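Only one structure is covered here, and it is reproduced in the block below.
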Amino acid sequence: MVSFTLTSSEQAARTAARTFAESHLTTAKATYEALPTPEARFQALKPIYEAAVRAGLIKGQIPAPVGGNSTSLVEAAILVEEFYAVEASACLTIFGTGLGLTPLCLAFRPELTEFLEPFLGDQGAPLASLVFSEPRGVANWLEPNAPGLQTTAYREGDEWVLNGEKIWATNSAGWDFRGADLGCVVCRCVNEDVVAKASNPTDLIMVLLVTREDISRNGEESFQVIKHPETAGHKAVSGPHIKYNHLRLPSKNLLCAPGTGAAIVTRSFEISAMLVGAMGVGIQRAAFEAALSFAQDTRGGTVPIAQRQSVADLLINVKMRTETSRFLTWKAAHALLEGPGEHDQRREHALLAKLHCAEAAVQSVLDAINAVGVSAYNTELPFADLLSTALVLPIFDGGNVGIRRRALQELITADGYQPWFSSFGEA
């Protein structure tokens, strides 16, 4: 029997998330909205991040087998929904650290414990970042005979030398813009012996661990923030344009050797795809609640506008999308860990959740705006914020057009594809 009833643990996670959101996220916008720059707004939220560390929300994103508290991706989806229904900017920094640690957790080896330890405590404000996207784009990073990643590394003695520019990587510059506590930097090996043996771009992809101490040891010229982009939504998130310049790293900082990095990066973004689905659920939930509340007003008529069929139809559409988005996200979260099938089959629902929920969130906010009418244009109501937040979901974390739909195309057109195996586990 299929059950969508939350377990006691999942219900407790939901209650804890709501409590944290009410205590810390409801006032976050007031903390940063008057500040003039994205970097100032980001830094203003450090106390909220410190509270998240104390509440175990960083350790809670680390799998239990490597020392964290996470045992269920469904609980992670619940957490993301609860937070995104309240305030996106403040919580994306928290979830950005979770994404930043994902490659390390997936490729973890005991000798890498020192890199994970700062995130297992309950004090401070350690930031992690998955440093992947580049100014010229990464949708075609594994296409044969294409330029591929422009961030490169080469082995020189017992060190790796890192060069290149990255952008949009949440938390990548740290609180003081001298580097995150840990960056998982995706790059391309350019050592001649490795290149000579490579038969496709995947053979060259690697991941290096970069710490603040590494940057400090190399000096100011080794790491530079070129620009803090001003964005339409997520106004207090740091995803700057950065540059590595002959940054020397000890050999122990190699997380994924050339040829093994692409699979770890792809799996990391498949987990985050499901979490973007949960972001879409949270946004739709907030839009529905705000529009429904507004629709209790008669707006000069004889009955609440929610009783007008045109308005009710819009509200019903938002509610349907929210519920279907949530169930698809929970299915994706369950499937990633529990199956059925092998990894390619397990990841299908995560890709579907990213696509559906991201696009549904945009449409649901637009429907809510139309239900409310011109009053939705007033920034005293949440709809403008919700729309600017929703707009990024289809285009970040692997754009729906450039990456996610292409990944699904590869799945459904592959030889031997079984259309409903990921749902039922049957041939």
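Would it be correct to say that Arg248 is outside any strand (DSSP E or B) and surrounded by fewer than 22 Cβ atoms within 10 Å (Cβ to Cβ)?
The answer is no for Arg248.
Name the single residue, out of those in the range 410-427 being closer than 19 Å to Met274 by Cβ and assigned to a helix (DSSP H, G or I), that is most open to solvent (accessible area, probe 1.4 Å).
Across the range 410-427, the extreme among qualifying residues is Glu410.
Output yes when any residue across the range 84-102 is under 23 Å from Leu209 (Cα atoms), surrounded by 18 or more Cβ atoms within 10 Å (Cβ to Cβ) and free of Cβ contacts under 8 Å to residues at least 24 places away in the same chain, and no when none is.
Among the residues of the range 84-102, not one is under 23 Å from Leu209 (Cα atoms), surrounded by 18 or more Cβ atoms within 10 Å (Cβ to Cβ) and free of Cβ contacts under 8 Å to residues at least 24 places away in the same chain, which makes the answer no.
Pick out the one residue from Glu75, Glu81, Glu134, Glu111 that is outside any loop (DSSP other than H, G, I, E, B) and in contact with an Asp or Glu (Cβ under 7 Å, 6 or more places away or on another chain).
Result: Glu75 is the single residue among Glu75, Glu81, Glu134, Glu111 that is outside any loop (DSSP other than H, G, I, E, B) and in contact with an Asp or Glu (Cβ under 7 Å, 6 or more places away or on another chain).
How many residues, within the range 173-204, are open to solvent by less than 10 Å² (accessible area, probe 1.4 Å), in a strand (DSSP E or B) and out of contact with any Phe, Trp or Tyr (no Cβ under 8 Å at 6 or more places or on another chain)?
Total meeting the criteria: 3.
Conditions tested, residue by residue: (1) among the polar types (S, T, N, Q); (2) in a loop (DSSP other than H, G, I, E, B); (3) under 20 Å from Leu104 (Cβ atoms).
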position: Val207; (1), (2), (3): no, no, yes
position: Ile215; (1), (2), (3): no, no, yes
position: Val225; (1), (2), (3): no, no, no
position: Pro229; (1), (2), (3): no, yes, no
position: Gly233; (1), (2), (3): no, yes, no
position: Val237; (1), (2), (3): no, yes, no
position: Lys243; (1), (2), (3): no, no, no
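State all residues of the range 21-39 that are open to solvent by 30 Å² or more (accessible area, probe 1.4 Å) and in a helix (DSSP H, G or I); if no residue qualifies, say none.
Glu22, Ser23, His24, Lys29, Ala30, Thr31, Glu39
Find the helices (runs of 4 or more DSSP H) located wholly in the range 292-378 whose residues include 2 or more that are modelled with pLDDT of 95 or more and closer than 24 Å to Thr5 by Cα, and list them.
Fully inside the range 292-378 and qualifying: 309-338, 348-372.
Are any of the residues in the range 279-293 farther than 18 Å from Asp385 by Cα and either open to solvent by less than 10 Å² (accessible area, probe 1.4 Å) or charged (D, E, K, R) (or both)?
There is no residue in the range 279-293 that is farther than 18 Å from Asp385 by Cα and either open to solvent by less than 10 Å² (accessible area, probe 1.4 Å) or charged (D, E, K, R) (or both).
Does Thr302 satisfy the condition of being closer than 16 Å to Glu81 by Cα and open to solvent by 10 Å² or more (accessible area, probe 1.4 Å)?
For Thr302, the condition - closer than 16 Å to Glu81 by Cα and open to solvent by 10 Å² or more (accessible area, probe 1.4 Å) - is not met.
Could you tell me which residue of the range 356-386 is nearest to the chain's Cα centre (by Cα), considering only residues that are acidic (Asp, Glu) and surrounded by fewer than 18 Cβ atoms within 10 Å (Cβ to Cβ)?
Here the residue is Glu359.
Anything in the range 40-81 that is surrounded by fewer than 18 Cβ atoms within 10 Å (Cβ to Cβ), in contact with a strand residue (DSSP E or B) (Cβ under 9 Å, 6 or more places away or on another chain) and among the aliphatic types (A, V, I, L, M)? List them, or say none.
Ala64
Which residues, counting only those in the range 86-97, are touching a strand residue (DSSP E or B) at 6+ places or on another chain (Cβ under 8 Å) and not hydroxyl-bearing (Ser, Thr, Tyr)?
Listed by number, the list holds a single entry, Gly96.
Inside the range 134-154, can you point out the residues that are within 22 Å of the chain's Cα centre (by Cα), of a type in the set (Val, Ile, Thr) and farther than 14 Å from Thr266 by Cα?
Thr151
Quick check on this structure: which one of Gly164, Gly219 is open to solvent by 10 Å² or more (accessible area, probe 1.4 Å), over 20 Å from Gly98 (Cβ atoms) and either among the hydroxyl-bearing types (Ser, Thr, Tyr) or in contact with a strand residue (DSSP E or B) (Cβ under 6 Å, 6 or more places away or on another chain) (or both)?
The conditions single out Gly164.
Please tell me if Lys235 is of a type in the set (Lys, Arg) and touching a strand residue (DSSP E or B) at 6+ places or on another chain (Cβ under 7 Å).
Answer is no for this residue.
Applying the selection to the range 387-409, what residues are part of a helix (DSSP H, G or I), farther than 18 Å from His349 by Cβ and open to solvent by 30 Å² or more (accessible area, probe 1.4 Å)?
Residues satisfying the conditions are Leu387, Val401.
Looking only at the range 143-156, decide whether some residue is within 17 Å of Pro258 (Cβ to Cβ) and of a type in the set (Lys, Arg).
yes
Any residue in the range 265-282 that's over 15 Å from Phe83 (Cβ atoms): show its pairings with residues that are at pLDDT below 95 and open to solvent by less than 10 Å² (accessible area, probe 1.4 Å) at Cβ separation under 7 Å, as long as the two are six or more apart or on different chains.
Every condition considered, no pair remains.
Please enumerate the residues belonging to the range 8-20 that are open to solvent by less than 70 Å² (accessible area, probe 1.4 Å) and of a type outside the set (D, E, K, R).
The answer is Ser9, Ala12, Ala13, Ala16, Ala17, Phe20.
The values are calculated or read from the model by the stated rules, or taken from the named source; none is laboratory data. As the structure is a computational prediction, the values presented were derived from the model and not from experiment. Don't worry about glycine lacking a Cβ; one is built from the backbone with ideal geometry, like all the others, and counts go over all protein chains shown. Note: accessible area is taken over every heavy atom of the protein model, side chains too, but ligands, DNA and RNA are not part of it. Shrake-Rupley method; radii C 1.70, N 1.55, O 1.52, S 1.80 Å.
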